[in-house]
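First up is the structure itself, then whatever we jot down about it.
The values are calculated or read from the model by the stated rules, or taken from the named source; none is laboratory data. Keep in mind the model is a prediction, meaning the values are calculated, not measured. With ideal geometry, Cβ positions are generated from the backbone for all residues, glycine too; neighbour counts draw on all protein chains shown.
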Amino acid sequence: MLDINLMRRDLDGVVAQLQRRKNPQPYLDVDRYSALEAERKQIQTATEQLQAQRNAHSKQIGQLKGKGGDTSALMAEVAGIADQLKAGAERLEALQAELQVLLMSLPNLPQADVPDGADEQGNVEVRRWGNPAGFDFTPRDHVDLGAALGLDFETGARLSGARFTFLRGPAARLHRALAQLMLDTHTTQHGYTECYTPYIVNRDVLEGTGQLPKFKEDMFWVLRGGDEAQPEQYLISTSEISLTNSVREQILDAARLPIRLTAHSPCFRSEAGSAGRDTRGMIRQHQFDKVEMVQVVHPDHSEAALQEMVGHAEAILQQLELPYRVVALCAGDMGFGATKTYDLEVWIPAQDTYREISSCSNCDAFQARRMQTRFRNAAGKPEYVHTLNGSGLAVGRALVAVLENHQQADGSIRVPLALRPYLGGLDVLRA
């Protein structure tokens, strides 16, 4: 959530930043906001004047009573003032609620060094690592390679519909090994605390990290036993939601910062990309697994933490010996809560292109303000923390990349060195 005080100080500047995301910006009804703010200020000014008037009358009443004078007229005025104050308070509460709705619909503002651009065409490549393999045979895609290894799309569709996958045997074992490698790397090498989180969360938790209200239609809703009176709940679309909200409504000890958390979880997304795109295979699924990284940091350190987090995701790709590139997202392609984002895109031979496998974002105080998560600064005053999140990595896409990049002519898969301990020492994966 944006800082309301920033909007009050520099509304034109905020609108200009929103227009970097999309021009003309569709997020804020400026006229409506300005009218609400003007009325809010008028009511607050009138309230202060009425309170001062009531205090003065109360003082006069006390003086008159001490002299035995008639206080009935002043008492009637004080009663009238009380009625006006009550009406003003009720209207102010309604105004604040409407302003809150407006604020909750606004995305984060892009940092100054975020590239301009309306969509992915405006993204800027930062660096590459590794070279795509040159095969002396015609490479196959992960659907063909995975069929003999237990990658079963037919059973997944029969059980749950399109964009669900059933894994068995070597494919399931590879999927588990990838998640274990990621968790072990982040916990033992990068200082993250491993967590296990709920997969079902309440509405206010999703509001805290920015999935609601904007992305409600992209979520899987939970209706427990047909009880429509239950709290509004959803399946998580990423464990960023539960990890970040683990510090909601807290004032943290500054000495605890930075907090680094990681978790392996399934992720559930009812949207599955553009119609007709990625309908083949595991690239885009309604249910997929991800190892997530979250950091909660001092505001002065969030840019350094973002660069660090990107490096942590890169370390996994390098261990898996997968060519990739790092891309700085432009203002128009960033997620709702991000102020700056880097995507890591892994090489997918069958598609002859790089595809996203991790997205690392600095959300500055945007989520913390929604969650009311603060720390005490050097002056002892509460101040909002900054939060960051990143995929470390998407497990299914890592499986796709390993199958396709390390395939051999006979359809077997060469196992990267770092992954072999998790597969009982196997150097080749075959049916």
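Results, tabulated for the structure shown:
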item: Within segment 133-153, considering residues that are loosely packed, with under 14 Cβ neighbours inside 10 Å and without any contact (Cβ under 8 Å) to a residue 12 or more places away in the chain, the one nearest to Ala171 (Cα to Cα); result: Thr138
item: Qualifying residue in segment 19-32 (condition: among the aliphatic types (A, V, I, L, M) and under 24 Å from Ala94 (Cβ atoms)); result: yes
item: Conditions (1) touching a helix residue (DSSP H, G or I) at 6+ places or on another chain (Cβ under 8 Å); (2) more than 30 Å from Arg397 (Cβ to Cβ); (3) not polar (S, T, N, Q): number failed by Asp141; result: (2)
item: Breaking point among (1) in a helix (DSSP H, G or I); (2) surrounded by fewer than 12 Cβ atoms within 10 Å (Cβ to Cβ); (3) within 26 Å of the chain's Cα centre (by Cα), for Leu103; result: (2)
item: Failed item, numbered, when Thr209 is tested on (1) in contact with a Ser or Thr (Cβ under 6 Å, 6 or more places away or on another chain); (2) farther than 30 Å from Leu2 by Cα; (3) surrounded by 17 or more Cβ atoms within 10 Å (Cβ to Cβ); result: (2)
item: Residue match in segment 238-255 (condition: touching a residue at least 60 places away in the same chain (Cβ under 8 Å), in the same structural domain as Leu388 (by TED's automatic domain parsing), surrounded by fewer than 21 Cβ atoms within 10 Å (Cβ to Cβ) and in a strand (DSSP E or B)); result: yes
item: Breaking point among (1) without any contact (Cβ under 8 Å) to a residue 60 or more places away in the chain; (2) farther than 18 Å from Thr387 by Cα, for Lys214; result: (1)
item: Qualifying residue in segment 314-336 (condition: in the same structural domain as Leu419 (by TED's automatic domain parsing), over 25 Å from Pro416 (Cβ atoms) and of a type in the set (Asp, Glu)); result: yes
item: Matching residues in segment 180-209 - criterion: being over 16 Å from Glu240 (Cα atoms) and either touching a helix residue (DSSP H, G or I) at 6+ places or on another chain (Cβ under 9 Å) or part of a helix (DSSP H, G or I) (or both); result: Gln180, Leu181, Asp184, Thr185, Thr187, Thr188, Gln189, His190
item: So Asp83, is it exposed (fewer than 12 other Cβ atoms within 10 Å of the Cβ) and either farther than 30 Å from Gly335 by Cβ or in contact with an Asp or Glu (Cβ under 8 Å, 6 or more places away or on another chain) (or both); result: yes
item: Residues being among the hydrophobic types (A, V, I, L, M, F, W, C), touching a Cys at 6+ places or on another chain (Cβ under 9 Å) and not in a loop (DSSP other than H, G, I, E, B) - total across segment 113-149; result: 1
item: Cβ-Cβ under 6 Å pairs, at least 6 apart or on other chains, segment 363-390 side at positive phi and in contact (Cβ under 8 Å) with a residue 12 or more places away in the chain, far side part of a loop (DSSP other than H, G, I, E, B) and among the β-branched types (Val, Ile, Thr); result: Asp364/Thr339
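A quick yes/no check of all residues on (1) surrounded by fewer than 24 Cβ atoms within 10 Å (Cβ to Cβ); (2) more than 17 Å from the chain's Cα centre (by Cα); (3) within 30 Å of Ala431 (Cα to Cα):
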position: Phe336; (1), (2), (3): yes, no, no
position: Tyr354; (1), (2), (3): yes, yes, yes
position: Cys363; (1), (2), (3): no, no, no
position: Arg376; (1), (2), (3): yes, yes, no
position: Asn389; (1), (2), (3): no, no, no
